[in-house]
Every structure is written in C-alpha cells, then in structure tokens.
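Where a number appears in this text, it was derived from the coordinates with a stated rule and is not lab data. Predicted model only: the values in this text are computed from it and were never measured. Cβ placement follows ideal geometry from the backbone for every residue including glycine, while neighbour counts extend to all protein chains displayed.
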Amino acid sequence: MKGILNMPLSPLIRRALTVIVAFVMLNAVGYAQTPPARELLDSMIQALGGSQFLDVKEIQTSGRFFTFKREQVAQSDLFTDHIKFPDMERLELGKEKEKIIQINRGLEGWTVKPPLKAKDDPEVEEQPVAQTQDFLKTFKTSFDYVMRFVVNSPKASVLNAGTESVDSRRADVLEVRDADRNLLRIFIDRQTRLPLKMQTRMANEATMHEEVYANWHKFNGVMTPLMVVRYKDGARTIEIRATQAAYNPGFADSMFAPPAPKSK
C-alpha cells in the first residue's frame, strides 16, 4: 500500500485532481457567501426599523391612488388608510363630503356612503361574504402582516432562494410559506437591505400578485415606501402614492365599526 501511495501521478491525473479541488473550493466559498434565511430576514427587519418596525400595531397612510386598465389610468382619487392589527382596516376614498369608506374587521365588513342630505345618516351596506373573505386573505398575506405575524410562527417556513436581478439591482430572495401554504417571495436589495418587491401566489391558485416598493422615507422610526405599485400576472392594476404615514397613532376600535345612527 505504501508503494502505491508514493507512486508519481501522471500529468492527466494531476490536472483532473486540480480541477476537482478548485471546484470544491469554489463551491465552499459560494456557500460561505450565501447567508442563512434568518440572517437575511433579520437584516431586512433591521433596515426597516428593527424593534420600532416590529412593535407597530397601527398604521395610517394618506395620499393618492391610481387604478389601471390596459396600462391606462382608469381612476384616481385621494385616500386615507387606517390599519389596526391583527385584522382591521378602514379605507377612506375621495374628498371629505364625497367620501366612501370601506370598513373591515375580520370577516365582518361594511361600505359606508355619504348621505344625500347632511342631516341624514350615511348609507351603510354589509359587504358580501366573498368580499370579506377576500379582504382577510389579502390582509393576512400583506407584507406588514407577514413580517410581524407569520415569519416566526411554528407552521411557517423561511428559505433563502438565492439571488436575482430587479431593475438592474442585485437582490437576495427570501421565500416564505405560511400555514395555509401560500407562497411569498421577497426580493431584498443587497445594498440597502430594504425590500424591492414581493410576489404572492396563493395556495391552489395560478395567479401571481406582485407589489413593487420605492421612494422610501422614515416616519416614527419606521422605513416606509411612499410608492407602491401592484401587478396581477404582470399587468399593472394600482399605483399608490402616499404623502404621509404615521405609526401607532392610537385608533379607537369604534373606527372599525359601522357608524351609529344619529339620535333623533
């Protein structure tokens, strides 16, 4: 055995061994440069504001939204959005006297329309079951909800899915699956560690929903994208241009219930 081990290697075998060793070393370096999923997640959370981001219980944003049909603006109006975790939202659309309000609380929902006369009560309609179910499904797969309530839950999985390019920016891709097997792919800017976009595919659905984030500013210690563009299977559906944001302003639960009739 000792004689065999001491035999000189032919040039062909030596070159082959050199290639194998180089391949192993390159792969080892590659693995060393690929951070674990939790490390990616933590770096993004820190960029978003760390504990200040995670401690958010309420969000208020306002600005203007645009809806699109075949890449043309179909509608535009003012909005003010109020969110109270874990499952409440009040979305006000339009100017003060013409405001339409969508109120959702779990699987309950109402649409409030302005009265014809100022002294009358507003018109209140219960939302159809399909609408409230869709609200809750969308709410619980939103970026803000997933980061605070899903990624650390026992039944969720978080995976580093490698890197991709987003508008010429290198991004680490974080894949999250929730307890319902919905898939969310978050593209994290390698330089800023802020999310560039998020793709969502619901379990048992082929439709791909995407949100693109831009124009980041800090409010109350929390980084906030003032520009959010949404796509459905690659087609732009809505563009949100916020001008203001506030965190934990102190919402009363009554904001997320239908208005009580005026006393006669």
Part-to-part distance (alpha-carbon centres) for the range 207-226 and the range 102-127, which is given in Å: 29 Å
Order of W110, W216 under a 10 Å beta carbon neighbour criterion, fewest first: W216, W110
Estimated inter-spin distance, D144 and A161, nm [label 7 Å along Cα→Cβ]: 2.4 nm
For W216, distant residues with modelled amide H under 5 Å away: L226
Using alpha-carbon coordinates, inclination of helix 37-48 to the longest axis of the chain, degrees: 40 degrees
Surrounding net charge for K140, when Lys and Arg each add one and Asp and Glu each subtract one, Cβ distance under 9 Å: -2
Stokes-Einstein diffusion coefficient of the range 81-154, Kirkwood radius over Cα pairs, 4 °C, 1.567 mPa s, in µm²/s: 95 µm²/s
Where N is the number of residues in the chain, Cα Rg divided by 2.2 N^0.38 Å: 1.37
